[in-house]
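A quick write-up on the structure given underneath.
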Amino acid sequence: MSSNERIAEIVGTNDVVLFMKGTPLFPQCGFSSKAIAILDHLGVAYASVDVLQDMEIRQGIKAYSDWPTIPQLYVKGEFVGGSDIMMEMYEAGELHQLMADAQVAQA
Amino acid sequence: MAMPAGEIEALIRAAIPDAEVTITDLAGDGDHYAAHVIAASFAGLSRVARHKAVYGALGTRMGGVLHALQVTTGVPT
C-alpha cells in the first residue's frame, strides 16, 4: 500500500485526525503541542499519528495535502490546516463551528 | 541551519508584490520566525490558500533551511 493510500485510509476512517510530531501526551514540537491544546480545548474526540515514527507518512503527508509542514489537521477527510490556521480559526470561532457542522464526537 | 529575516521578507514580497510583510524573530536563532502578511490580493482566498501562497514564496526552504515559520495573514482594513 502506497503512503498516499495509507494516508487516505487514515483520514477516511477517523473523523478528526492530527498528523503531528510526537503524541498528545508527549508532543515533540511547539506547533504540534499548540494544535493538541486547541483540540483539547474544543473537547472533540480525535486520533493522532506520530510522523516521527513513520518517515514514509512524514514525507507523504506533505505531498498528500500540498502543505509543507507538520502538524496537519483533517476533519472528515478534509485538510483543515496547520497549527497557525487552527489558531486563527479557533480564535474566530470557526473551528468550533466546523466541528459542529461536521458532527464529530466529543472526547 | 538558519535564514536571515530580510531574505524571508524579500522572498515573500517577490511572490506577493502587494504584500506588507512583518517578520518577527521568535527565538533569536534564525530558525524560528513569525511572518505577518497583509495583502489586498488575499481578499476572497481561503486561509489555506493564503498560507500556501506564503509557503510557496519560500519554496523548498520551508521545513528545510527554515525550520519554523508561524504565518498569519490578513487583508488591508
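Brief remarks on what is shown
- Filtered residue count, segment A:13-53, keeping only those that are out of contact with any helix residue (DSSP H, G or I) (no Cβ under 6 Å at 6 or more places or on another chain), buried (at least 18 other Cβ atoms within 10 Å of the Cβ) and modelled with pLDDT under 95: 1
- Any hit, segment A:70-82, residues being at positive phi, part of a loop (DSSP other than H, G, I, E, B) and either touching a residue at least 12 places away in the same chain (Cβ under 8 Å) or not hydroxyl-bearing (Ser, Thr, Tyr) (or both): yes
- Selection count, segment A:61-77, where residues are polar (S, T, N, Q) and facing chain B (nearest Cβ under 7 Å): 1
- In segment A:32-54, of all residues being assigned to a strand (DSSP E or B) and of a type outside the set (Ser, Thr, Tyr), the one that is farthest from the other protein chains (Cβ to nearest Cβ) corresponds to A:Ala47.
- Within segment B:10-38, being small (Gly, Ala, Ser) and within 19 Å of B:Gly59 (Cα to Cα) holds for B:Ala10, B:Ala14, B:Ala15, B:Ala19, B:Gly30, B:Ala34, B:Ala35.
- Subset of segment A:55-69 [outside any loop (DSSP other than H, G, I, E, B) and within 12 Å of the chain's Cα centre (by Cα)]: A:Ile61, A:Ser65
- Check on A:Ile57, in contact with a helix residue (DSSP H, G or I) (Cβ under 9 Å, 6 or more places away or on another chain) and more than 9 Å from chain B (Cβ to nearest Cβ): yes
- A:Met87 satisfies every condition listed in (1) within 12 Å of another protein chain (Cβ to nearest Cβ); (2) surrounded by fewer than 17 Cβ atoms within 10 Å (Cβ to Cβ); (3) touching a residue at least 24 places away in the same chain (Cβ under 8 Å) except (2).
- The listed residues are A:Val80, A:Val17, and the only one of them that is aliphatic (A, V, I, L, M) and away from chain B (no Cβ under 12 Å) turns out to be A:Val17.
- Evaluation of A:Asn4 against the conditions (1) closer than 20 Å to A:Asp84 by Cα; (2) assigned to a helix (DSSP H, G or I); (3) at pLDDT below 95 shows that the sole unmet condition is (1).
- B:Gly56 vs. criteria exposed (fewer than 12 other Cβ atoms within 10 Å of the Cβ) and either over 19 Å from A:Cys29 (Cβ atoms) or without any contact (Cβ under 8 Å) to a residue 12 or more places away in the chain (or both): no
- Every test in (1) within 10 Å of chain B (Cβ to nearest Cβ); (2) under 25 Å from B:Leu45 (Cα atoms) is passed by A:Cys29 save one, and that test is (2).
- Failed criterion for B:Ala34 (all others in (1) farther than 15 Å from B:Val65 by Cβ; (2) buried (at least 17 other Cβ atoms within 10 Å of the Cβ) hold): (2)
The values are calculated or read from the model by the stated rules, or taken from the named source; none is laboratory data. Everything quoted here is computed from the prediction, not taken from an experiment. Every residue, glycine as well, gets a Cβ built from its backbone with ideal geometry; the counts of neighbours run over all protein chains shown.
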